[in-house]
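Reading through the structure tokens given below for one structure.
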Number of protein chains: 2
Amino acid sequence: MDTEIITIGDELITGHTVNTNAALIARYVTDLGFSVRYQTSVGDSLESMEEAFRLALKRARLVITTGGLGPTHDDITKKAIVRLFKRNLIFHQEILDDIRARFAKRGVEMPAINQNQALLPQGATLFPNKHGSAVGLCFAEEGRIFISLPGVPFEADQIMVDEVMPYLRGIQTAQATRIMKLRTTGIYESKLADKISHDLKLEPGVRLAYLPSYSGVDLRIMATAENAEAAGDKALRLVRYLEDTCGRYIYGRDDDSLEAVVGQLLADNDKTLVVAESCTGGELGMLITSVSGSSNYFLGGVIAYANDVKIEQLGVDAAILEEHGAVSEPCAIAMAVGCRKLLKSSYALSITGIAGPAGGANDKPVGTTYIGLASAHASYARKFNFGARRDTGRSRASYAALELLRREILDIK
Amino acid sequence: MDTEIITIGDELITGHTVNTNAALIARYVTDLGFSVRYQTSVGDSLESMEEAFRLALKRARLVITTGGLGPTHDDITKKAIVRLFKRNLIFHQEILDDIRARFAKRGVEMPAINQNQALLPQGATLFPNKHGSAVGLCFAEEGRIFISLPGVPFEADQIMVDEVMPYLRGIQTAQATRIMKLRTTGIYESKLADKISHDLKLEPGVRLAYLPSYSGVDLRIMATAENAEAAGDKALRLVRYLEDTCGRYIYGRDDDSLEAVVGQLLADNDKTLVVAESCTGGELGMLITSVSGSSNYFLGGVIAYANDVKIEQLGVDAAILEEHGAVSEPCAIAMAVGCRKLLKSSYALSITGIAGPAGGANDKPVGTTYIGLASAHASYARKFNFGARRDTGRSRASYAALELLRREILDIK
């Protein structure tokens, strides 16, 4: 079923907020087999909103919007809906009671402005919002479905999962789509494409996309067929080909993250991990602990931003810093070895680099980074250059550190 | 000048990648005074692409696309352009030489697949790409401008800044727009709106938007007038009103970040900072060190994920952990005090909480977090609840810690 997602807000249209809702919703409905053809963003303007709604209802049978359902004056999605579907607004006492109770729970009185959130278009199916005061709205008429969700990402997410998905599952789609993702790291896009495309002939209805990000390049397989089983078979044939061609770079599938895969390897082997971070300032630790249950294998670490912290906490020899500098192979190794000893773990990872934009030199340009690893059996460091951008360079360094550990544990040379 | 941004890629339309390019480009052109009316996303399909291009050229005078200019088979934007503008592809030797040199610099041979990136539509102005092999394309005809950029975000960014912005600056726009942003934290959206809307009358051509995020609520002011000075005056009148109404919650303007504002306060006062992080696992350190120059005031920290690390490194009394647990006021205070002593700083911030989804209890539900602060004069902790979501809860905790320090330094009670 052709689908269009419309995200609403001046903050989106002017670029002051990155549009995460479109991706969130697209992902959910795609996985159900709906085909998203268009995503459109418009500002908080009644005129643009109405035009976008009308066009979407013409070219799609399912339309999902987010944004503009809040209590403030710029929230006018309801107004556009009322005009488009020619409905009146109806007051819902139970919604008002619910909003009041929500504020009371936080120990504050409901601001008067929130009252208008209990006024809702006639005839709409209401989707409860567990985390906020704006309920979701759904209209189905003339073979078209129109769903309106709040713009706060985790509120939209909750309503999608608890309300919209069960509702949409009840609707039959003509074709089945199977989407799979293979996640690679340690190889760049065109090199990977070269390896893959050499002997590749795609079956009809199968698409392969290369999706580069800071953690690596994802391979996305989308297979369409008359039913779910046939779509799955098509997708799996391509997956097997890809595994044969570039298996050593593949660390996971679909929602696997490198941090969760490495965490599982540690847990499976009863090993523990600590980190010693300089230029990344805690990002590697954050990444590792973003996995629920990471306390089973992650003990902690030292953010050794100043050289004194490297010397006094991690026991890095001052002579190493003088002779080689903080961004050097010996310093990375000493940081990892010292951290492992200090915090008593199986493995330690260290990162020291020039994140920039300042601090580069001819022999060590901005982006130069050493990643160290220490275990009971080995200690070594690898040199990388993650480029001149502070934010992306630091992310890349954190993922490269995890990949170094993955290869160490799996003994991939 | 009405503008439409079209972002291309199956990864966007299926939601597997969040669309950061649309925001990036919208922000640049909005700041120049162009009005983005629509953002559209389509998949790697020639048909959708052509339809979106045609519609955009009808309803906008400036169209900017990203994506589909890479070397792999799913990169077909050039094909759509060639059809739409009825152009031939021309081979550019100098582009091929440049791509080859780019690979040589990394010590690898150019994959054969990259050759097709030197084939470019006739008559296009070429915008060089410093970071990648896909050049930007620009067509101007019949009062319409059509610009095509690569999809890799930092490549699109570089070409926008170095090529597209200077080009667009040369084009007159009829009206001037002034956008300003006031950044608030420590107050929720509807409470802020209540305070503000009480006596507020917006002038014609002035819009105010509330943009909640994990760091707080931004107030975005957009003022349009016949010239830049008049637009600026209108915006400033609203800014003054907002500062009068809710000044204590405003920590910065426009691109100010809480981490940079707090960093500047530390630098101005010759103070240093360290962090002791449990549930955030390094996120607070990462946030602080995302500011270039943070080594002037940030020394480092301890990621004390395991209780042993809290006891052995930070000197937290084991009796505190036994009696009150790791997520408690005394533990947060002991972590901050211990970390400040260990790393010899002016201030220490600590965070200990239940990030979830597991680990909650009746008296300490998931999201319960204590943030501690230690200085030469004071040590205390505040209790928060940042909700049940691991990712957003951790981000909120990191920002709340920075706000605690900002209020301590500025003596805001």
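The combined condition, being touching a residue at least 40 places away in the same chain (Cβ under 8 Å), of a type in the set (A, V, I, L, M, F, W, C) and at the interface with another protein chain (Cβ under 7 Å from one of its Cβ atoms), is fulfilled by A:L24. In the set B:G143, B:G205, only one residue is surrounded by fewer than 18 Cβ atoms within 10 Å (Cβ to Cβ) and touching a strand residue (DSSP E or B) at 6+ places or on another chain (Cβ under 6 Å); that residue is B:G205.
Quick one: is B:T66 facing another protein chain (nearest Cβ under 7 Å) and either in contact (Cβ under 8 Å) with a residue 12 or more places away in the chain or surrounded by fewer than 22 Cβ atoms within 10 Å (Cβ to Cβ) (or both)?
On the way: facing another protein chain (nearest Cβ under 7 Å): no; either in contact (Cβ under 8 Å) with a residue 12 or more places away in the chain or surrounded by fewer than 22 Cβ atoms within 10 Å (Cβ to Cβ) (or both): yes.
In short, no.
Applying the criterion of being surrounded by 20 or more Cβ atoms within 10 Å (Cβ to Cβ) and not acidic (D, E) to the residues of segment B:154-172, the residue that is farthest from the chain's Cα centre (by Cα) is B:L168. Of the residues making up segment A:1-14, just one is more than 18 Å from A:A80 (Cα to Cα), within 7 Å of chain B (Cβ to nearest Cβ) and either surrounded by fewer than 24 Cβ atoms within 10 Å (Cβ to Cβ) or more than 21 Å from the chain's Cα centre (by Cα) (or both), namely A:T14. Determine, yes or no, whether A:A348 is within 32 Å of the chain's Cα centre (by Cα), surrounded by 20 or more Cβ atoms within 10 Å (Cβ to Cβ) and within 14 Å of another protein chain (Cβ to nearest Cβ). When the stated conditions are applied, A:A348 passes them.
For A:A134, are the conditions met, namely being buried (at least 22 other Cβ atoms within 10 Å of the Cβ), in a helix (DSSP H, G or I) and at pLDDT 90 or above?
Working: buried (at least 22 other Cβ atoms within 10 Å of the Cβ): yes; in a helix (DSSP H, G or I): no; at pLDDT 90 or above: yes.
It is false that A:A134 is buried (at least 22 other Cβ atoms within 10 Å of the Cβ), in a helix (DSSP H, G or I) and at pLDDT 90 or above.
Only residues that are in contact (Cβ under 8 Å) with a residue 12 or more places away in the chain, touching a Gly at 6+ places or on another chain (Cβ under 8 Å) and either over 26 Å from A:Q313 (Cα atoms) or not assigned by TED's automatic domain parsing to the domain that holds B:L265 (or both) were counted across segment B:330-359, and they come to 3.
When A:G43 is tested against the conditions (1) over 30 Å from A:A228 (Cβ atoms); (2) without any contact (Cβ under 8 Å) to a residue 40 or more places away in the chain; (3) within 7 Å of another protein chain (Cβ to nearest Cβ); (4) crowded, with 22+ Cβ neighbours inside 10 Å, the lone failure is (3). Selection within segment B:143-162: residues that are more than 14 Å from chain A (Cβ to nearest Cβ) and touching a Leu at 6+ places or on another chain (Cβ under 9 Å). The member of this set that is farthest from B:T3 (Cα to Cα) is B:I159.
Residues of segment A:291-316 that are out of contact with any Cys (no Cβ under 8 Å at 6 or more places or on another chain), free of Cβ contacts under 8 Å to residues at least 24 places away in the same chain, aliphatic (A, V, I, L, M) and under 18 Å from A:V337 (Cβ atoms): A:V309, A:I311.
Assess whether B:L342 counts as being assigned to a helix (DSSP H, G or I) and either closer than 28 Å to A:D391 by Cβ or within 11 Å of chain A (Cβ to nearest Cβ) (or both). So B:L342 fits the description; yes.
Each row is one residue, and each column tells you yes or no for (1) in contact with a Lys or Arg (Cβ under 8 Å, 6 or more places away or on another chain); (2) on the phi < 0 side of the Ramachandran plot.
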{"residue": "A:Y214", "(1), (2)": "yes, yes"}
{"residue": "A:R240", "(1), (2)": "no, yes"}
{"residue": "A:E243", "(1), (2)": "no, yes"}
{"residue": "A:Y249", "(1), (2)": "no, yes"}
{"residue": "A:L273", "(1), (2)": "no, yes"}
{"residue": "A:E283", "(1), (2)": "yes, yes"}
{"residue": "A:N307", "(1), (2)": "no, yes"}
{"residue": "A:K310", "(1), (2)": "no, yes"}
{"residue": "A:G315", "(1), (2)": "yes, no"}
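Of all residues in segment B:12-56, those that are within 24 Å of A:P153 (Cβ to Cβ) and not in a loop (DSSP other than H, G, I, E, B) total 20. Looking only at residues in segment B:101-123 that are more than 32 Å from the chain's Cα centre (by Cα) and within 22 Å of B:D162 (Cβ to Cβ), the one that is surrounded by the fewest Cβ atoms within 10 Å (Cβ to Cβ) is B:A101. The residue of segment A:285-297 that is farthest from the chain's Cα centre (by Cα), among those that are within 7 Å of chain B (Cβ to nearest Cβ) and crowded, with 24+ Cβ neighbours inside 10 Å, is A:G285.
Going residue by residue through segment A:102-121, is there one that turns out to be part of a strand (DSSP E or B) and within 22 Å of A:I171 (Cβ to Cβ)? Show your work before the answer.
Keep residues of segment A:102-121 that are part of a strand (DSSP E or B), which gives A:119-121.
Okay, now just the ones that are also within 22 Å of A:I171 (Cβ to Cβ), so A:121.
Within segment A:102-121, one or more residues are part of a strand (DSSP E or B) and within 22 Å of A:I171 (Cβ to Cβ).
Among the residues of segment B:176-217, those that are closer than 14 Å to B:L258 by Cβ and touching a helix residue (DSSP H, G or I) at 6+ places or on another chain (Cβ under 6 Å) comprise B:L182, B:T184, B:T185, B:G186, B:I187, B:Y214, B:S215, B:V217. Filtering segment A:367-399 to residues that are modelled with pLDDT under 95, assigned to a loop (DSSP other than H, G, I, E, B) and in contact with a strand residue (DSSP E or B) (Cβ under 9 Å, 6 or more places away or on another chain) leaves A:G367, A:F386. The set of residues in segment A:193-242 being more than 26 Å from the chain's Cα centre (by Cα), within 20 Å of B:I13 (Cβ to Cβ), modelled with pLDDT under 90 and within 14 Å of chain B (Cβ to nearest Cβ) consists of A:G205 alone. B:E329 passes every criterion in (1) more than 26 Å from B:K383 (Cα to Cα); (2) surrounded by fewer than 19 Cβ atoms within 10 Å (Cβ to Cβ) apart from (1). The residue list A:I95, A:I81 contains one member that is closer than 30 Å to B:G367 by Cβ and away from chain B (no Cβ under 12 Å), which is A:I95.
Taken together, the residues in segment A:27-40 that are more than 7 Å from chain B (Cβ to nearest Cβ) and either in contact with an Asp or Glu (Cβ under 8 Å, 6 or more places away or on another chain) or not hydroxyl-bearing (S, T, Y) (or both) amount to 6.
The values are calculated or read from the model by the stated rules, or taken from the named source; none is laboratory data. What you see is a predicted model, and the numbers here were worked out from it, not measured in a lab. All Cβ positions, even for glycine, are placed from backbone atoms using ideal geometry, and neighbour counts span all protein chains on display.
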